[in-house]
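Q: There's a structure below that I have some questions on.
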Amino acid sequence: MFKIFDEKINGFLFVIILPLLLFAMSYYGFESSYTRLKTSERPPSFLFTSVYSYRVIPNYLSVQMTDLMEYLINNHLSGFKDFLSKNGTPFYHGLFLMNSFFLLFVRWLLIRY
């Protein structure tokens, strides 16, 4: 009984929690090439004009996620507004959430199939 439960807990920790923890550390723990994105209020124009312009869905999804994060921070997370603004802009937080969702979705697809 305990072996099955322990295996499920270990699987949950290694499959879900560890990747999200490492992902959050890479976004919020280090200053890197994303620093320019961390201080950007809106999605940068190079996402729509350079080679990135061929990524239609992620570019427009980043605009929608920025609007959603601005709405959430101003209306529902007003107590955390100072904390969130210290660690990045709504664009950066939206980018993190979008990439986290994609990471979990791909992990689910790989495990499922």
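Q: If you count only protein heavy atoms and use a 1.4 Å probe, how large is the accessible surface of residue 7, to the nearest 10 Å²?
A: Probe radius 1.4 Å; accessible area of residue 7 about 130 Å².
Q: Between 0 and 90 degrees, rounded to the nearest ten: what's the tilt of helix 90-112 against the longest Cα principal axis of the chain?
A: For helix 90-112, the angle is close to 30 degrees.
Q: Can you send over the carbon and sulfur percentage of the accessible area for the range 33-113, probe radius 1.4 Å, protein chains only?
A: Within the range 33-113, the accessible surface is 65 percent carbon and sulfur.
Q: Using only DSSP helix segments of four residues or longer, with each worth -39500 (n - 2.57), what per-residue ellipticity at 222 nm results for the chain after dividing by its residue count and rounding to 500?
A: Calculated at 222 nm, the ellipticity per residue is -20500 deg cm²/dmol.
Q: Now, a different point. What is the distance in Å between the Cα centroid of the range 38-70 and that of the range 82-104?
A: The range 38-70 and the range 82-104 have Cα centres spaced 13 Å from each other.
Q: Once you charge only the Cβ atoms, +1 for Lys and Arg and -1 for Asp and Glu, what is the size of the charge dipole of the chain about its Cα centre, to the nearest 20 debye?
A: I would put it at about 200 debye.
Q: Let me ask something else about it. Could you calculate the FRET efficiency of residue 113 with residue 8 from 1/(1 + (r/R0)^6), where r is the beta carbon distance between them and R0 is 35 Å, rounded to 0.05?
A: E between residue 113 and residue 8, to the nearest 0.05, is 0.95.
The values are calculated or read from the model by the stated rules, or taken from the named source; none is laboratory data. Note that this is a predicted model, so its numbers are computed, not measured. Using ideal geometry, Cβ is built from the backbone for each residue, glycine included, and neighbour counts are taken over all protein chains shown. Note: areas computed on protein heavy atoms with side chains; ligands, DNA, RNA excluded. Shrake-Rupley method; radii C 1.70, N 1.55, O 1.52, S 1.80 Å.
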